Amino acid sequence: MNHFNKIGFIMATLGSSIGLGHIWRFPYMAGENGGGAFVIFYLILAISIGISMLIAEMLLGNIARSNPLDNYVILDKLNALPPSQNHNEHNAVDSKDKSAKKSLMWLGINAISGPIVLSFYAVVMGWILYYLIFVSFTLPQNIDEAKAVFDNLRSQSLWWQSLCFFGIVIFSAFIVSRGIKSGIERLNLVLMPLLFVIFIALLIYAMNLEEFSQSWHFMFAFEPHKITFNTFVESLGQVFFSLSLGVGTIATYAANAQRNENLLKSSLWVVLSGIAISLIAGLMIFTFIYHFGGKPSEGVGLLLISLPLAFSSLGSSGAIIAALFFIAVLFAGLTSTISMLEPSVSILRDKYNFSQAKASYILSSGIFTLGFLVIMWNDASLSLPLIYGKSLFDILDLLTSSCLMPLGMLILLLFLGWHIKKSHLRVWTPYFSNALFYIWWWILRLIAPIIIIAILIS
């Protein structure tokens, strides 16, 4: 099996986390949950338990070096052996061994969350593709026109939504079908630097607008009256969504990283870069929203309402910049879509002897079916009934970010924190000082599980 090099692993993991979760979801979630209250909770949770959970999932994959189902079986076998810093015993462990606790593989069943997320995530990607093709060069001139363009796309353009969505799913399947080295790594090495360049340029432009200070206040002002338990829940959900935790993606990528990978350094790169992109996206989007008389609580269409207006104000060059921006966002999103597909593909490949390509396209067909239902639920002409007052899009978003992803992470934390011997964990994490190791160990053993359980039962 081909593997990532050090830069390739960081870029792939960055690509998995830095997508629409940071660029699209973070701003609108902040807008709907009190601005600064949400942002402050998000920053605290991302830097504390977010990094710790990311290292835990990386460790699972990097030590076991298998698919999401077999990872737990292999670590259980290693747990019964003397610790080894070189991990040489790993080669002798076979999850098909009669002595292996095959029942443990079902601990990794949460890898199915990835395709579920992708079913509505790729719908949003389809919106981005539509805007790139049809809106970039005919930009709206005011807030009402911008809202009308988005509302028309979401509720009345069944054909175009479906076609763009299908294109995203097929392209993602094609990249994944090419494997880790030829497909995923090569794509990320090009797209991630491009995204940072475009976003920094847009931030500089936003900073020159009078409304930037208003945006800054909305993002960072501490207003205790806006703090609710729901704010905390949504903040943690955003941590899971933005870091791709609990769906097997991170473990799958880490399984293809080098054995001596410094997971602490890698996780810091991923989390801090993700935070930077989220804050940049929030500041520039809210600046443009205020500048053109919109409201931060525009919901899922926030990105597609505010930025086209910003680009239209730039005159003749706005169309070109808009096209480049949507290309960058599209690329960022694609790095996430392929990451959500890979864990389930690895299961079909390793457990059921599917080829990489066959597994990719079979899963994509299921994703397209569910995603098409999401699009149909948004279509106003069909008038499909709401589910407990929510569309299928909202239901799947809530199910994954607030239930399946936290549950998958909880299982992993309990497995590492309570089942795997501390001596093994210490040998497997040589990049930790003794103090940092014990902080991390208690976070994955008690602090993070308690927080997740409290949210799951709320």
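The values are calculated or read from the model by the stated rules, or taken from the named source; none is laboratory data. This structure is a prediction, so every number in the text was calculated from the model and none was measured. When we count neighbours, we look across all protein chains shown, and the Cβ atoms used for this are built from the backbone with ideal geometry, even at glycine.
Tabulated data
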quantity: Leading residue by the ranking (surrounded by the most Cβ atoms within 10 Å (Cβ to Cβ)) among those in region 70-92 that are at pLDDT 85 or above and closer than 19 Å to ASN256 by Cβ; calculated: ASN71
quantity: Residue match in region 435-447 (condition: among the small types (Gly, Ala, Ser), over 22 Å from VAL73 (Cβ atoms), in contact with a helix residue (DSSP H, G or I) (Cβ under 8 Å, 6 or more places away or on another chain) and loosely packed, with under 13 Cβ neighbours inside 10 Å); calculated: no
quantity: Pair list, Cβ < 6 Å and 6+ apart or interchain, from region 277-289 residues that are at pLDDT below 85 to residues that are β-branched (Val, Ile, Thr); calculated: ILE277/ILE18; ALA281/ILE23
quantity: Any hit, region 240-262, residues being touching a Leu at 6+ places or on another chain (Cβ under 6 Å) and within 30 Å of ILE447 (Cα to Cα); calculated: yes
quantity: Given (1) over 18 Å from SER48 (Cβ atoms); (2) in a helix (DSSP H, G or I); (3) of a type in the set (Gly, Ala, Ser), number of the condition GLY417 does not satisfy; calculated: (1)
quantity: SER213 being touching a residue at least 60 places away in the same chain (Cβ under 8 Å) and not charged (D, E, K, R); calculated: no
quantity: Some residue of region 309-317 being farther than 27 Å from SER172 by Cβ, among the aliphatic types (A, V, I, L, M) and surrounded by 24 or more Cβ atoms within 10 Å (Cβ to Cβ); calculated: yes
quantity: Any hit, region 226-237, residues being touching a helix residue (DSSP H, G or I) at 6+ places or on another chain (Cβ under 7 Å), modelled with pLDDT of 85 or more, of a type in the set (A, V, I, L, M, F, W, C) and assigned to a helix (DSSP H, G or I); calculated: no
quantity: Residue check for ALA323: at negative phi and either over 22 Å from the mean Cα position of the chain (by Cα) or surrounded by 24 or more Cβ atoms within 10 Å (Cβ to Cβ) (or both); calculated: yes
quantity: Of all residues making up region 420-438, the number that are closer than 17 Å to SER48 by Cα, without any contact (Cβ under 8 Å) to a residue 24 or more places away in the chain and not hydroxyl-bearing (Ser, Thr, Tyr); calculated: 2
quantity: Residue within region 404-413 that is surrounded by 14 or more Cβ atoms within 10 Å (Cβ to Cβ) and within 30 Å of SER155 (Cβ to Cβ) present; calculated: yes
quantity: Filtered residues of region 167-205 (kept if over 21 Å from ILE128 (Cα atoms), modelled with pLDDT of 65 or more and surrounded by fewer than 19 Cβ atoms within 10 Å (Cβ to Cβ)); calculated: ARG178, ILE204, TYR205
quantity: Search result, residues across region 326-376 that are of a type in the set (Val, Ile, Thr), surrounded by fewer than 18 Cβ atoms within 10 Å (Cβ to Cβ) and either under 17 Å from the mean Cα position of the chain (by Cα) or within 28 Å of GLY61 (Cβ to Cβ) (or both); calculated: ILE362
quantity: Residue check, ILE289 more than 22 Å from ILE168 (Cα to Cα), part of a helix (DSSP H, G or I) and touching a helix residue (DSSP H, G or I) at 6+ places or on another chain (Cβ under 7 Å); calculated: yes
quantity: Sole residue being polar (S, T, N, Q), under 21 Å from SER402 (Cβ atoms), within 18 Å of the chain's Cα centre (by Cα) and not in a loop (DSSP other than H, G, I, E, B), chosen from SER266, SER278, SER273; calculated: SER278
quantity: Flag for GLY315 being at positive phi and modelled with pLDDT under 85; calculated: yes
quantity: Any hit, region 325-335, residues being hydrophobic (A, V, I, L, M, F, W, C) and in contact with a Lys or Arg (Cβ under 9 Å, 6 or more places away or on another chain); calculated: no
quantity: Residues of region 377-398 classified as outside any loop (DSSP other than H, G, I, E, B), of a type outside the set (D, E, K, R) and closer than 16 Å to VAL124 by Cβ, total; calculated: 7
quantity: Matching entry among PHE372, PHE368, PHE415 (being closer than 28 Å to VAL73 by Cα and of a type in the set (A, V, I, L, M, F, W, C)); calculated: PHE415
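Residue-by-condition table, conditions (1) in contact with a His (Cβ under 7 Å, 6 or more places away or on another chain); (2) closer than 27 Å to ILE453 by Cβ:
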site	(1), (2)
ALA37	no, yes
ILE63	yes, yes
PRO68	no, yes
ALA80	no, no
